[in-house]
Amino acid sequence: MSEEKVGIKESKEAIDGSVELAKFVISRAKDGIGIDDASALVMKLLADEAFKAKLQSAIEGIQLVPAEFKDLDFSEGVELGVFAAGKAKEIIDELKK
């Protein structure tokens with residue numbers, strides 16, 4: 001009997017949400033971190049539905065990520081690696097701004 005694969009959906013969402021948050025922090029931290037940055041994050045969460053949705057997706061299934069990694073096969077590993085590399089480029093691009 002073969003068990004059904006778990007996939008990598010939650011892992012990709014966790015990476016995506018983390019990168020979105022990192023890009024926001026990078027953009028705000030260029031002049032140093034202050035209390036205004038915390039209020040800017042709250043305002044972004046209230047006003048930017050796409051940003052909020054990505055963070056919510058990242059958090060909602062986070063408990064499933066360990067099972068996804070435990071069940072990871074070669075093709076999923078490659079897919080996740082390519083996805084993460086693309087997201088790393090987004091962070092690098094934000095750092096260059």
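A compact table of results
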| read-out | value |
| --- | --- |
| Checklist (1) farther than 24 Å from PHE74 by Cα; (2) surrounded by fewer than 15 Cβ atoms within 10 Å (Cβ to Cβ); (3) of a type in the set (D, E, K, R) applied to GLU20, failing item | (2) |
| Residues that are under 19 Å from the mean Cα position of the chain (by Cα) and either of a type in the set (Lys, Arg) or over 27 Å from SER11 (Cα atoms) (or both), drawn from the stretch 21-39 | LYS23, ARG28 |
| Residue within the stretch 32-51 that is touching a helix residue (DSSP H, G or I) at 6+ places or on another chain (Cβ under 7 Å), of a type in the set (A, V, I, L, M, F, W, C) and surrounded by 17 or more Cβ atoms within 10 Å (Cβ to Cβ) present | yes |
| Failed item in (1) over 18 Å from the mean Cα position of the chain (by Cα); (2) modelled with pLDDT under 95, with LEU46 passing the rest | (2) |
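The values are calculated or read from the model by the stated rules, or taken from the named source; none is laboratory data. Just so we're clear, the structure is a prediction, and the values are computed from it rather than from any experiment. Reconstructed Cβ throughout: ideal geometry from the backbone, glycine too, with neighbour counts over all protein chains shown.
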